[in-house]
Ligand code: 5GP
Ligand code: MG
Ligand code: MG
């Protein structure tokens, strides 16, 4: 799997430091709020499990799955709810945990859903932010790294549902796409 990677953008060590920084910040901001920390499947799973271990506060965990990519490298533009939350978000403080924000469509879809359900507050924590990809307005409150406009994989992020289990974030070799 390592052989398919052209270069590493964020190493395990660098990601760990980001998880500590963001986790400590959120723990400080959400003390006594008992937030619901919502991981967006499947990409945010690795990041979420690392970042929550840096938060020494009471919190509930939940998951949502929305899809817009259909497994390729370009967004289809349409966002669908694939798996819903199990906790009622009304009057609760929500932290959405994402792997990456690109066009912003996925985030906008989830924020609209949570507002409709009367969440008290909604904040967003993302490992990666790709502001150059924005199509709709979307902002993260806690950001690990700003990424250049490149397709990245690893640490939860996939290409054709593969590479999620790489412990770092990197760029795939061009021949991987070209061979498809
Ligand atoms: P958005 O709706 O903001 O365009 O896209 C969000 C989703 O698209 C992310 O959660 C992720 O699944 C996927 N995505 C966007 N950019 C990348 C990328 O560079 N690499 C990978 N693997 N997925 C991406
Ligand atoms: Mg995602
Ligand atoms: Mg994907």
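The values are calculated or read from the model by the stated rules, or taken from the named source; none is laboratory data. Note that the coordinates shown come from a computational prediction; the quantities given were computed from them, not determined experimentally. Here Cβ is always computed from backbone atoms with ideal geometry, including for glycine, and neighbour counts include all displayed protein chains.
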_For the structure I just gave you, tell me whether residue 90 is under 23 Å from residue 14 (Cα atoms) and in contact with a strand residue (DSSP E or B) (Cβ under 9 Å, 6 or more places away or on another chain)._
no
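If you check 104, 77, 72, which single one turns out to be within 20 Å of residue 136 (Cβ to Cβ), modelled with pLDDT of 95 or more and near ligand 1 (Cβ under 10 Å from one of its atoms)?
Only one candidate passes the filter, namely 104.
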*Scope region 116-145; condition touching a helix residue (DSSP H, G or I) at 6+ places or on another chain (Cβ under 6 Å) and under 10 Å from residue 102 (Cβ atoms); matching residues*: 138
*Please indicate, with yes or no, whether at least one residue in region 144-153 is within 23 Å of residue 82 (Cβ to Cβ) and either away from ligand 3 (no atom under 14 Å from the Cβ) or at pLDDT 95 or above (or both).*
yes
*Filtered residue count, region 161-175, keeping only those that are surrounded by fewer than 17 Cβ atoms within 10 Å (Cβ to Cβ) and away from ligand 2 (no atom under 15 Å from the Cβ)*: 6
*Hits in region 78-102 (condition: touching a residue at least 40 places away in the same chain (Cβ under 8 Å) and either within 30 Å of residue 149 (Cβ to Cβ) or within 16 Å of ligand 3 (Cβ to nearest atom) (or both))*: 82, 83, 94, 95, 96, 97, 98, 99, 100
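Just to be sure before I move on: is residue 160 out of contact with any helix residue (DSSP H, G or I) (no Cβ under 9 Å at 6 or more places or on another chain), closer than 26 Å to residue 16 by Cα and either in contact (Cβ under 8 Å) with a residue 12 or more places away in the chain or away from ligand 3 (no atom under 15 Å from the Cβ) (or both) in the structure I sent? Break it down into steps so the answer makes sense when it comes.
Values: out of contact with any helix residue (DSSP H, G or I) (no Cβ under 9 Å at 6 or more places or on another chain): yes; closer than 26 Å to residue 16 by Cα: yes; either in contact (Cβ under 8 Å) with a residue 12 or more places away in the chain or away from ligand 3 (no atom under 15 Å from the Cβ) (or both): yes.
Yes: the conditions hold for residue 160.
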